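Some notes on the structure that comes next.
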């Protein structure tokens, strides 16, 4: 192992990690929003939109992110839709993640007994109040572990961004392997930087899950 | 309507070549899934044991596999081990190794989950009836666990198929690589082919995974 090499290229990896995290979290935020919209559409049974959401969820869940990105990045410009790699990355992650987030929200909503809603109504709460004060707090607590799991899943999926020439961690590692044939060092740095990004989220996830179980939710 | 490359698809053997590319991806997934199901079941049962060393080793393996992106694992096996150990590993073999490692971890989670979901009184009743440990597992626990497992393992197949799309990144010629070749070759005659070809690839992946997802969903509902 060449320690000089490692020291020299840490800044390069740091830059790449920042890019990975930035696009990752932008994409995840968009995915959560999209998932919430899908779940709301489904919950209120909005006529036409409900169908659109169902089709989207099937398309998103049954195709790989890499193929989605290729279509968005190389295919769509031929229709005149031009964007840059960063926007494509965020869009791809949102397209993939939206359905997973929607599923997580739905599992939370479905886990609540109908009696909660009925009791809220019989206490005289309006529909909005019922959702805001009774259903949403319970649903969010139940779906929290699934949401965190999705965040980790999506952060891991960002590794394919190098295919649309975003200079993320994978791209940097591959570049250095190709340029200097420094395979071991490049891969060690790659693993370390991914651990730095993913471990905190993973630990947060398991702490949260334990707390929620302790609080008696999610049973 | 501009030419979006759907004609290119029908030229020569292009469509058949794409299907062949999909075949490579499906073959890698299928082999990996079979290995994963066997090893994952063994590992899932082993995780029930109270051996501390065994637990520590398995925890390390599972956590590492779970937290690393599959593409990183592919790079480690394809570029890393070949450099460190000096052996020669074809891309497809590297892919099968990585996806089996990953699938085994996933499968062992599913198996453990299914085993835990069996109520304790099943174990206790079996013991009260005088069944040995192997008998308990073989005749009481596994038959019940398998019912819960089958839909989940079918789901693992679709996840595996989706994940194998990554092998193009270590130079395996599969559907995406063939698509790139077709687009390159027809750059002059059909400059917009990228749209049609990549849409076709997207559709092919969808058609490969969707029926399996539906089957898994149906089984899950029926056997719940």
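Any idea which of B:44, B:91 is in contact with a helix residue (DSSP H, G or I) (Cβ under 9 Å, 6 or more places away or on another chain) and under 22 Å from residue B:158 (Cβ atoms)? Let's see the steps before the verdict.
Details: B:91 fails: under 22 Å from residue B:158 (Cβ atoms).
It is B:44.
Does residue A:187 satisfy being in contact (Cβ under 8 Å) with a residue 60 or more places away in the chain, buried (at least 20 other Cβ atoms within 10 Å of the Cβ) and either more than 10 Å from every other protein chain (Cβ to nearest Cβ) or closer than 30 Å to residue A:72 by Cβ (or both)?
On the way: in contact (Cβ under 8 Å) with a residue 60 or more places away in the chain: no; buried (at least 20 other Cβ atoms within 10 Å of the Cβ): yes; either more than 10 Å from every other protein chain (Cβ to nearest Cβ) or closer than 30 Å to residue A:72 by Cβ (or both): yes.
The answer is no for residue A:187.
Any chance the range B:130-150 includes a residue that's more than 14 Å from every other protein chain (Cβ to nearest Cβ) and buried (at least 22 other Cβ atoms within 10 Å of the Cβ)?
Here is the first cut: in the range B:130-150, the ones more than 14 Å from every other protein chain (Cβ to nearest Cβ) are B:130-150.
Still in the list and also buried (at least 22 other Cβ atoms within 10 Å of the Cβ): B:145, B:149.
Yes, some residue in the range B:130-150 is more than 14 Å from every other protein chain (Cβ to nearest Cβ) and buried (at least 22 other Cβ atoms within 10 Å of the Cβ).
Would a scan of the range B:156-179 turn up a residue that is outside any helix (DSSP H, G or I) and either within 12 Å of another protein chain (Cβ to nearest Cβ) or over 23 Å from the mean Cα position of the chain (by Cα) (or both)? Walk me through how you get there before you give the answer.
Of the range B:156-179, the ones outside any helix (DSSP H, G or I) are B:171-174.
Still in the list and also either within 12 Å of another protein chain (Cβ to nearest Cβ) or over 23 Å from the mean Cα position of the chain (by Cα) (or both): B:171, B:174.
Yes: one or more hits.
Quick check: is even one residue across the range A:59-78 away from chain B (no Cβ under 13 Å) and in contact with a helix residue (DSSP H, G or I) (Cβ under 7 Å, 6 or more places away or on another chain)? Explain how you work it out, then say what you get.
Kept after step one, since they are away from chain B (no Cβ under 13 Å), are these residues of the range A:59-78: none.
The answer is no, given that none of the residues of the range A:59-78 is away from chain B (no Cβ under 13 Å) and in contact with a helix residue (DSSP H, G or I) (Cβ under 7 Å, 6 or more places away or on another chain).
If you take the residues of the range B:8-47 that are over 25 Å from the mean Cα position of the chain (by Cα) and within 14 Å of chain A (Cβ to nearest Cβ), which of them is nearest to residue B:107 (Cα to Cα)?
Within the range B:8-47, the match that is nearest to residue B:107 (Cα to Cα) is B:9.
What number of residues in the range B:192-224 are within 8 Å of chain A (Cβ to nearest Cβ) and part of a loop (DSSP other than H, G, I, E, B)?
Of the residues in that region, 1 qualify.
Select from the range B:64-92 the residues that are surrounded by fewer than 15 Cβ atoms within 10 Å (Cβ to Cβ) and modelled with pLDDT of 90 or more and write down the one among them that is nearest to the other protein chains (Cβ to nearest Cβ). Before the answer, list the steps.
As a first pass, look at the range B:64-92 and keep what is surrounded by fewer than 15 Cβ atoms within 10 Å (Cβ to Cβ): B:64, B:82, B:84-88, B:90.
From the residues that got through so far, the ones that are modelled with pLDDT of 90 or more too are B:64, B:90.
Numbers: B:64: 9, B:90: 17 Å.
Filtering the range B:64-92 for residues that are surrounded by fewer than 15 Cβ atoms within 10 Å (Cβ to Cβ) and modelled with pLDDT of 90 or more, the one nearest to the other protein chains (Cβ to nearest Cβ) comes out as B:64.
Taking the conditions exactly as written (assigned to a helix (DSSP H, G or I), touching a helix residue (DSSP H, G or I) at 6+ places or on another chain (Cβ under 8 Å) and without any contact (Cβ under 8 Å) to a residue 40 or more places away in the chain), does residue B:54 satisfy them or not? Give the steps one after another, and end with the answer.
Values: assigned to a helix (DSSP H, G or I): yes; touching a helix residue (DSSP H, G or I) at 6+ places or on another chain (Cβ under 8 Å): yes; without any contact (Cβ under 8 Å) to a residue 40 or more places away in the chain: yes.
Yes: the conditions hold for residue B:54.
Can residue B:187 be described as surrounded by fewer than 19 Cβ atoms within 10 Å (Cβ to Cβ), part of a loop (DSSP other than H, G, I, E, B) and more than 8 Å from chain A (Cβ to nearest Cβ)? Explain how you work it out, then say what you get.
Values: surrounded by fewer than 19 Cβ atoms within 10 Å (Cβ to Cβ): yes; part of a loop (DSSP other than H, G, I, E, B): yes; more than 8 Å from chain A (Cβ to nearest Cβ): yes.
So residue B:187 fits the description; yes.
I'd like to check something: does the range A:126-142 contain any residue that is over 23 Å from the mean Cα position of the chain (by Cα), away from chain B (no Cβ under 14 Å) and outside any helix (DSSP H, G or I)? Before you say what the answer is, go through the steps one by one.
Step one: filter the range A:126-142 for residues over 23 Å from the mean Cα position of the chain (by Cα), giving A:126-135.
Still in the list and also away from chain B (no Cβ under 14 Å): A:126-135.
Subset that is outside any helix (DSSP H, G or I): A:126.
Within the range A:126-142, one or more residues are over 23 Å from the mean Cα position of the chain (by Cα), away from chain B (no Cβ under 14 Å) and outside any helix (DSSP H, G or I).
What residue, of A:114, A:102, is away from chain B (no Cβ under 14 Å) and buried (at least 19 other Cβ atoms within 10 Å of the Cβ)? Even if it seems obvious, please write down each step before you answer.
Details: A:114 fails: buried (at least 19 other Cβ atoms within 10 Å of the Cβ).
Result: A:102 is the single residue among A:114, A:102 that is away from chain B (no Cβ under 14 Å) and buried (at least 19 other Cβ atoms within 10 Å of the Cβ).
The values are calculated or read from the model by the stated rules, or taken from the named source; none is laboratory data. What you see is a predicted model; the values in this text were computed from it and never measured. Every residue, glycine as well, gets a Cβ built from its backbone with ideal geometry; the counts of neighbours run over all protein chains shown.
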